1. For residue 272, state whether it is farther than 30 Å from residue 322 by Cα, open to solvent by less than 10 Å² (accessible area, probe 1.4 Å), more than 16 Å from the chain's Cα centre (by Cα) and charged (D, E, K, R).
2. Is it the case, given these coordinates, that residue 185 is in contact with a strand residue (DSSP E or B) (Cβ under 6 Å, 6 or more places away or on another chain) and open to solvent by less than 10 Å² (accessible area, probe 1.4 Å)?
3. Of everything in region 228-241, what is open to solvent by 60 Å² or more (accessible area, probe 1.4 Å) and either closer than 18 Å to residue 18 by Cα or in a helix (DSSP H, G or I) (or both)? Give them in sequence order.
4. Go over the candidates 239, 247 one by one and state the one that is more than 20 Å from residue 113 (Cα to Cα) and either in contact with a His (Cβ under 8 Å, 6 or more places away or on another chain) or free of Cβ contacts under 8 Å to residues at least 60 places away in the same chain (or both).
5. Within the set of pairs 6 or more residues apart or between chains, which connect a residue that is at pLDDT 95 or above and polar (S, T, N, Q) inside region 300-320 to a residue that is surrounded by 14 or more Cβ atoms within 10 Å (Cβ to Cβ) and not in a loop (DSSP other than H, G, I, E, B) with Cβ atoms less than 6 Å apart?
6. State all residues of region 242-259 that are more than 26 Å from residue 206 (Cβ to Cβ) and either within 16 Å of the chain's Cα centre (by Cα) or among the polar types (S, T, N, Q) (or both); if no residue qualifies, say none.
7. Tell me whether region 64-77 contains one or more residues that are out of contact with any helix residue (DSSP H, G or I) (no Cβ under 8 Å at 6 or more places or on another chain) and surrounded by fewer than 16 Cβ atoms within 10 Å (Cβ to Cβ).
8. Exactly one condition in (1) closer than 19 Å to residue 4 by Cβ; (2) open to solvent by less than 40 Å² (accessible area, probe 1.4 Å) is false for residue 217; which is it?
Amino acid sequence: MALFDLSLEELHAYRSASTEPEDFDAFWSKTLQEAREHDLDARFEPVDTGLATVRVYDVTFSGFDGQPVKAWLTLPAGAAEPLPLVVEFVGYGGGRGLPHEHLLWASTGRAHFIMDTRGQGSAWGGGGATADPVGGGPAYPGFMTRGIDAPENYYYRRVFTDAVRAVEAARSHPLADPARTVVTGASQGGGISIAVGGLVPDLVAVAPDVPFLCDFPRAATLTDRHPYREIGLFLKTHRGRTQDALRTLSYFDSVHFAARASAPTLFSVALEDQTCPPSTVFAAFNAWAHEEKAIEVYDFNDHEGGGPYHQAAKLRWLRSYA
């Protein structure tokens with residue numbers, strides 16, 4: 001697929017038409033307050049993986065409504081002092097996988113915490129282990145329309161809350177330095193990273209790669225590729241519910257979290273990406289509130305983005321922060 005979205009010049013000037021709810025901050029403050037009424041109960045169980053250069057812990061902590069969420073914590077084998085901490089979130093359909101799938105960040109001398117995504121983990125990779133015990137109304141297959149009838153019921157309310165609690169759980173380990181915490185992720189993981197960047201005020205850096213969950217009004221009408229297409233297919237059946245759905249989605253649009261970001265960021269975007277169209281990524285990037293922001297543009301790539309080239313770019317960039 002050749003270029004299909006705005007020109008690069010137009011992308012740098014683009015602003016989302018997503019309407020921010022008047023009670024956006026109150027909604028998220030109440031959501032996180034309710035989650036914190038439950039004991040974080042972060043447990044780190046050593047795992048014998050056969051890996052010699054790292055130590056791995058099987059982590060369980062309390063996420064939304066106190067429900068258990070799984071993660072891996074991976075540390076360099078010889079770590080004795082608190083390390084810079086990278087908290088990572090996973091792409092759509094994936095789970096935390098197996099420990100040997102995630103060796104990059106510990107290999108740089110950092111602590112690495114990767115959160116399982118509730119209810120996912122069965123589409124690719126090494127799988128997941130976190131249930132989503134919350135029911136919901138009728139939804140199109142997938143996760144994009146689960147609980148879309150109201151913000152309080154929406155699936156990503158639970159996921160974003162889990163993600164904030166994941167940062168808190170990771171920071172509670174004695175070999176993680178809370179003052180040097182970075183969040184990152186690709187696609188869905190990038191969108192979750194942006195949300196956390198807007199909800200956690202003391203991060204040192206945020207690095208979303210080809211992020212999903214951005215600029216819902218444009219994404220839902222610009223691309224016919226899943227997962228965004230789930231929204232349109234739901235509304236194709238549930239006629240007349242478009243405005244109600246967009247209202248719910250506005251509480252979870254990364255554009256509004258980006259406007260609250262208080263840490264430097266490095267985004268990535270691919271100009272032939274039909275899964276997360278470039279204008280939706282630029283919508284969040286252009287809204288990013290912190291003055292230190294950069295975006296790597298991959299001209300002829302689809303949703304794979306910069307791949308290993310962008311990993312190298314992140315490694316170079318992150319040296320200044322953690």
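1. On the way: farther than 30 Å from residue 322 by Cα: yes; open to solvent by less than 10 Å² (accessible area, probe 1.4 Å): no; more than 16 Å from the chain's Cα centre (by Cα): yes; charged (D, E, K, R): yes.
For residue 272, the condition - farther than 30 Å from residue 322 by Cα, open to solvent by less than 10 Å² (accessible area, probe 1.4 Å), more than 16 Å from the chain's Cα centre (by Cα) and charged (D, E, K, R) - is not met.
2. Values: in contact with a strand residue (DSSP E or B) (Cβ under 6 Å, 6 or more places away or on another chain): yes; open to solvent by less than 10 Å² (accessible area, probe 1.4 Å): yes.
Judged against the criteria, residue 185 is a match.
3. Let us first name the residues in region 228-241 that are open to solvent by 60 Å² or more (accessible area, probe 1.4 Å), namely 229, 236-237, 239-241.
The answer is 229, 236, 237, 241.
4. Every option except 239 fails the conditions.
5. 301/270
6. Just the residues of region 242-259 that are more than 26 Å from residue 206 (Cβ to Cβ), to begin with: 242-245, 247.
Within region 242-259, 242, 243 qualify.
7. The answer is yes, given that some residue of region 64-77 is out of contact with any helix residue (DSSP H, G or I) (no Cβ under 8 Å at 6 or more places or on another chain) and surrounded by fewer than 16 Cβ atoms within 10 Å (Cβ to Cβ).
8. (2)
The values are calculated or read from the model by the stated rules, or taken from the named source; none is laboratory data. Quick caveat: nothing in here was measured; it's all calculated off a predicted structure. Note that we place each Cβ from the backbone using ideal geometry, even for glycine, and neighbour counts take in every protein chain shown. Accessible surface areas use protein heavy atoms only, side chains included; no ligands, DNA or RNA. Shrake-Rupley method; radii C 1.70, N 1.55, O 1.52, S 1.80 Å.
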